[in-house]
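What follows is a set of notes on a single structure, which appears directly below.
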Amino acid sequence: MILIIDDDIAVRASLGLLLKQNGYKTKEAATPQEALQLAAQHSFELVIMDMNFSIDTTGHDGLDLLGKFKGLYPKLPVILITGWGSISLAVEGMRLGAADFITKPWSNEYLLQAVRTALSLSQEPQEETSGGLSRKKLDQQFDFGNIVGQDPQLLQILKKIGQIAPTDASVLIEGESGTGKELIAEAIHRNSLRKSQPFVKVNLGGISSTLFESEMFGHRRGAFTDAKSDRVGRFELANKGTIFLDEIGELDLNSQVKLLRVLQDRTYEVLGDSRSRKLDIRVVCATNKNLAKLVEEGKFREDLYYRINLIKVKLPSLHERPEDVPLLVQYFVSNLKKTYNHPELEVSQRALQWLKELPLPGNIRELKNLVERTVLVAERDVLQAEDFQAQAQQSPAKPGDKSLPAVGTMTLEEIEASMIKKSMDFYHNNISKVARALGLSRAALYRRLDKFNIPYDAAD
C-alpha cells in the first residue's frame, strides 16, 4: 500500500487515481499529523509526499515530516514531490534519506517508473557474505559477459548489479581509470528489462560546452551557422534503452544544468525545433573523480549528484584484487592467441606471480596493454617474467638499440609495424597467409608494408 501526502486535494486525487489504475492500493493524508496517524495504523510499502504544506510554504514542515518517517520507519522508501524552484528542498530531503524526488508538473510515466524502482529496491534482499557467493552461481543467474574475476569484492559488486539491473534506478559507477567501469555499465544494461533496446555510450569529457546541446539533443539543419544537415542526438539514440554517461565529472556547470533538466523532466528539445519530446531511458554514469568532493568545492551541482546517484557502485583497483590478475592475464592471452593465430602461446606460472606483484596504476587497462605488447614482441611460445619485465620498463630505448621501444615510447604505429614484421617472418613472407592472420585484405596489407618500408616480394 502507498501513502500519498499532500495538502492539495486535486494532487491527492490525481496521484491516487493514477496509482490505482496501475494496480496499487493507496491511502491519502492532507496533513503531517494525519500522515503519521495512518502510518501507525497501516503497513505502507512506500510514501509519496509533497514538500510544501499551506501551513508552512518554506518546506520545513515537509523536511520535519520526512525526518520523523525515517526515524520511525527507516526502511520505508519516501519519494518527494517538489517544484523546480524548490529542488534545494529535495536535495536536503535526499540527505535525510529520501529514495527519490519528482518535480512538478510530473510525467505520469516517469512517476510510475520511480514508484516501481523504489519498491523494487526496498525489497532488495540482504547481501550474502562473500563466502556464500561463487562466480559460477552468479553466472548461472546473470549475464556478466567478459567481466573476469572472482575476488570477493567483485562478487559482491556483481551480485548488486544483478539485483538492481531489472529496475530503472540511476546508477553512478565510481573507480580509478582502467577498473572496468564501462564493462559494469554494459552488464547493468545486459541484465535489465531494456537489454533488447539501445545501449549508447557518451564520453562527456570529450564534448565541449558549446557542442553539448547539439551532441546530446541533436539539431535541425540551419539551427546554427555550421548546422548543414539534421543531427540525431545521443538521447534520441538511447530512447527506450540505456545511456552511459562516462566521465560525468568533467561536465561544466552550464552543461550540468541542461543535463539535470532532461533527467528531471524526461523531456528534451532538438536545437532548431521547439517541440518537446518525451524520453524513456535508464541513466548510468561513471567517473574516476570524487563527485562528493566536487560538490563541496562548488564544481558539481548537488541536485544533479543526487539525481544520478540513486545507486552507487564503487569498483576496487586492481591492486585491491591481486588474485584476479592471473585470471585476467590468461583471458587476454586466450583472446590474443586467436587474434594473432598463435595457438601455442602460454604464460609461465613465474610470470603470472610476477605480474600479481607489479604496480599497475592504470589497472586492468594497463595490464591488458602490457600483455598485448609482450605478446607482439615475444620470441617464444611460453612467456616468461623477463618478457613482461622488458615491456614494463619505463626507460626509453638507448641510442642505436635495435630492439623495440619500451612502454611509454612505443607508438601505435610502431606496435602495428612490429606485428606485421613478426607475421611476415612467421609465414615466410606469404602475403595471403599474413593478410588472413591479421584480418586485412591483400591491398590493405600492401599499403601497410609500403608505409612501414617492410620488404616483400611484389610478385606474390
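The values are calculated or read from the model by the stated rules, or taken from the named source; none is laboratory data. These numbers were taken from a predicted model, which means no experiment stands behind them. Methodologically, a virtual Cβ is constructed for each residue, glycine included, from the backbone with ideal geometry; neighbour enumeration extends over all protein chains shown.
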(message) What are the pairs with Cβ atoms under 7 angstrom where one residue, in the stretch 365-393, is closer than 12 Å to residue 345 by Cα and the other, located anywhere, is outside any helix (DSSP H, G or I) and among the hydrophobic types (A, V, I, L, M, F, W, C)? Sequence gap at least six, or different chains.
(response) 374/383; 375/345; 381/345; 383/347
(message) Need pairs with beta-carbon distance below 7 Å; first residue within 15 Å of residue 258 (Cβ to Cβ) and within the stretch 205-230, second surrounded by 11 or more Cβ atoms within 10 Å (Cβ to Cβ) and aromatic (Phe, Trp, Tyr); sequence gap 6+ or separate chains.
(response) 216/235; 217/235; 217/268
(request) Look at the stretch 71-99 and say how many of its residues are surrounded by 21 or more Cβ atoms within 10 Å (Cβ to Cβ), touching a residue at least 40 places away in the same chain (Cβ under 8 Å) and over 26 Å from the mean Cα position of the chain (by Cα). (result) 1
(message) Looking only at residues that are among the acidic types (Asp, Glu) and either assigned to a helix (DSSP H, G or I) or in contact with a Gly (Cβ under 8 Å, 6 or more places away or on another chain) (or both) in the stretch 154-193, which one is surrounded by the fewest Cβ atoms within 10 Å (Cβ to Cβ)?
(response) 182
(request) May I ask you to list pairs of residues, at least six apart or on different chains, whose Cβ atoms are under 8 Å apart, with the first in the stretch 282-307 being on the phi < 0 side of the Ramachandran plot and the second being part of a loop (DSSP other than H, G, I, E, B) and of a type in the set (D, E, K, R)? (result) 282/168; 282/194; 286/247; 287/247; 288/176; 288/247; 295/301
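Given 460, 450, which one is more than 36 Å from the chain's Cα centre (by Cα) and modelled with pLDDT under 75?
460
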(request) Pull up the stretch 386-397, narrow it to residues that are in contact with a helix residue (DSSP H, G or I) (Cβ under 9 Å, 6 or more places away or on another chain), surrounded by fewer than 18 Cβ atoms within 10 Å (Cβ to Cβ) and not acidic (Asp, Glu), then point me to the one that is modelled with the lowest pLDDT. (result) 390
(message) When the residues of the stretch 18-41 are narrowed to those that are modelled with pLDDT of 95 or more and part of a loop (DSSP other than H, G, I, E, B), which ends up nearest to residue 113 (Cα to Cα)?
(response) 22
(message) It is to be established whether one or more residues within the stretch 265-275 are within 20 Å of residue 106 (Cβ to Cβ), in contact (Cβ under 8 Å) with a residue 40 or more places away in the chain, in contact with a Phe, Trp or Tyr (Cβ under 9 Å, 6 or more places away or on another chain) and assigned to a loop (DSSP other than H, G, I, E, B).
(response) yes
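Scan 365, 350, 380, 321 and give me the residue that is within 15 Å of residue 180 (Cβ to Cβ) and surrounded by fewer than 16 Cβ atoms within 10 Å (Cβ to Cβ). Before the answer, list the steps.
Details: 350 fails: within 15 Å of residue 180 (Cβ to Cβ); 380 fails: within 15 Å of residue 180 (Cβ to Cβ); 321 fails: surrounded by fewer than 16 Cβ atoms within 10 Å (Cβ to Cβ).
Criteria check complete, one pass: 365.
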